[in-house]
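Report on one structure; see the data block that follows.
The values are calculated or read from the model by the stated rules, or taken from the named source; none is laboratory data. Bear in mind the structure is a predicted one, so any value in this text is a computation, not a measurement. Neighbour counts are summed over all protein chains in view; Cβ atoms, including those assigned to glycine, are modelled from backbone coordinates with ideal geometry.
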Amino acid sequence: MSYLTDAETVIKTLPPGSMIYGRVKQSLGTPWQTVFYIREDSEHIEAIPPNPPIEMRSGVMEERGVVLIPILIKLNDELYECWLNYSGRQGSIASPGFAGTECSFDLQG
């Protein structure tokens, strides 16, 4: 039995201030897209102006053959974080597939 679920379902179970990512395809002919899902309370959501500036920073660290990628996103003076980790065979790094793709954001209340 599989207990896998999609990121949109998972984010609804997390506390406000949480962020996770997911990879989605809108249809068979479209490329994969990265979506950052942010869970926040209604007070913070209502304080976000239309078209707010979004700042994104990331880095790369390696620890015992596992590549750790922290992702920080600042949205309306709130800071959100998530971590990705990848490991490959014989010391090679498995690509997360983010390079050259568009990112989008999904704010959940």
Q.
Among the numbered criteria (1) at pLDDT 85 or above; (2) more than 17 Å from residue 102 (Cβ to Cβ); (3) not in a strand (DSSP E or B), which one does residue 2 miss?
A. (1)
(Q) Just to verify a result, which residue in the stretch 5-16, among those that are among the polar types (S, T, N, Q) and assigned to a loop (DSSP other than H, G, I, E, B), is modelled with the highest pLDDT? (A) 13
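Can you report the number of residues in the stretch 17-53 which are in a loop (DSSP other than H, G, I, E, B) and either hydrophobic (A, V, I, L, M, F, W, C) or loosely packed, with under 15 Cβ neighbours inside 10 Å (or both)? Quick ask: steps written out before the conclusion?
Step one: filter the stretch 17-53 for residues in a loop (DSSP other than H, G, I, E, B), giving 17, 25-32, 40-41, 47-53.
From what's left, either hydrophobic (A, V, I, L, M, F, W, C) or loosely packed, with under 15 Cβ neighbours inside 10 Å (or both): 17, 25-32, 41, 47-53.
Total meeting the criteria: 17.
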Q. Across the stretch 66-109, what is the total count of residues that are modelled with pLDDT under 65 and aromatic (Phe, Trp, Tyr)?
A. 1
(Q) Could you check the stretch 12-40 and list, in sequence order, the residues that are over 18 Å from residue 70 (Cα atoms), of a type in the set (A, V, I, L, M, F, W, C) and touching a residue at least 24 places away in the same chain (Cβ under 8 Å)? (A) 14, 32
